[in-house]
1. Scan the stretch 30-51 and tell me whether some residue there is outside any loop (DSSP other than H, G, I, E, B) and more than 22 Å from Pro142 (Cβ to Cβ).
2. With the condition kept exactly as written, say whether any residue in the stretch 114-123 is within 15 Å of Pro62 (Cα to Cα) and under 13 Å from the mean Cα position of the chain (by Cα).
3. Could you please find all residues in the stretch 52-84 being in a loop (DSSP other than H, G, I, E, B), under 13 Å from the mean Cα position of the chain (by Cα) and not charged (D, E, K, R)?
Amino acid sequence: MVYAHLRQGRVPLPGQLYFLTTTTDRRRPLFEDFASARFVITEMRRLHDCGLVSSLAWVVMPDHLHWLLALGHSHSLAIVVKLLKGRTAVAANRGARRHGAVWQQGYFEHAVRQDEDVASIARYIVANPVRRRIVSRVADYPHWDAAWL
């Protein structure tokens, strides 16, 4: 598998900041539905509340997710993403009474360097609905959050 090969040699570090992006299967807009988007948000909050990650900023778009997080001390990033995708796929499929893949395999992660401006990354993430012309103001989009607010 290509994704596994790309991740060889990467060692996730506890406390490391990551900018994560993952897309829905075939980029279908599965999260246009309010309830389906909330399944993703609920699971991200659960992962945060149990200490697997510390969420700094995120946005659930109709066909993808952007998430700025600090990795906790107990699980690798791969395990966190697997938990997120697995649990949200089950919940979203059950809620929409459908079957099949919800997420594309793999994900993109960028380990945030110390010289990068974390607040700028967070602004980029939460402004995604504006750039995609879904809304004209960030405040008009319901599926985002940032630790600074």
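1. To start, the set of residues in the stretch 30-51 that are outside any loop (DSSP other than H, G, I, E, B) comprises 30-32, 34-49.
Retained after the next criterion (residues that are more than 22 Å from Pro142 (Cβ to Cβ)): none.
No, because not a single residue in the stretch 30-51 is outside any loop (DSSP other than H, G, I, E, B) and more than 22 Å from Pro142 (Cβ to Cβ).
2. no
3. Residues of the stretch 52-84 that are in a loop (DSSP other than H, G, I, E, B), as a first pass: 52, 61-63, 72-76.
Right, trim to under 13 Å from the mean Cα position of the chain (by Cα) and you get 61-63.
Answer for the stretch 52-84, where residues must be in a loop (DSSP other than H, G, I, E, B), under 13 Å from the mean Cα position of the chain (by Cα) and not charged (D, E, K, R): Met61, Pro62.
Every residue, every condition in (1) under 18 Å from Tyr18 (Cβ atoms); (2) at pLDDT below 95; (3) crowded, with 20+ Cβ neighbours inside 10 Å, yes or no:
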| residue | (1), (2), (3) |
| --- | --- |
| His48 | yes, no, no |
| Trp67 | yes, no, yes |
| Val80 | yes, no, yes |
| Gly95 | no, yes, no |
| Phe108 | yes, no, no |
| Val112 | yes, no, no |
| Ala122 | yes, no, yes |
| Ile125 | yes, no, yes |
| Arg131 | no, no, no |
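The values are calculated or read from the model by the stated rules, or taken from the named source; none is laboratory data. Keep in mind that this is a model prediction, so the values were computed, not measured. No Cβ is skipped: glycine too gets one built from the backbone with ideal geometry, and neighbour counts run over all protein chains shown.
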